[in-house]
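What follows is calculated from the coordinates using simple rules that are stated; it is not laboratory data. Just so we're clear, the structure is a prediction, and the values are computed from it rather than from any experiment. Glycine also receives a Cβ, built like all others from the backbone with ideal geometry; neighbour counts cover every protein chain displayed.
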Amino acid sequence: MANDLERHITKIYGKKSSETRRDFERNYEEYKLGQMFRELRIGAGLTQEALAIRAQMKRSAISRIERENRNITIDTAERVAQALGKSLVYSFK
């Protein structure tokens, strides 16, 4: 049985087999990665600027990753993770 969130998502984006729903789910996964980086950064007591310096990136790039996280490369994700003292772990379902 679907929970309330699942019903809401289905109402807005359609069934899991629809193109719109697949787009939503792909974008949501990207959003979650950006939020994980944001939470790790804040937990480490770092500003976006401080993280950018550690990762040898621009602050605006860190902001974009946390905000929208579109098409982040594995190399960039690894650089940010390393700058946070973490390792990027890959998993397949």
TODO: Determine, for the chain, the count of lysine pairs separated by eight or more sequence positions (or lying on different chains) whose alpha-carbon distance falls under 24 Å.
DONE: 9
Task: [x] 15.7, 47; [y] 14.5, 48; [z] 18.5, 72, with the label sought being that of the calculated Rg and Dmax of the Cα atoms in Å - done: [x]
TODO: Between residue 47 and residue 20, with labels modelled 7 Å along Cα→Cβ, what's the label distance in nm to one decimal, could you check?
DONE: 4.2
Task: the chain, relative contact order [Cα under 8 Å, separation at least 6], % - done: 24
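Take each of the peptides 42-50, 29-37, average the number of other beta-carbon atoms within 10 Å over its residues, and list them starting from the highest. Could you put the intermediate results ahead of the total?
Working: 42-50: 13.1, 29-37: 15.6.
Ranked from most to least packed, the peptides come out as 29-37, 42-50.
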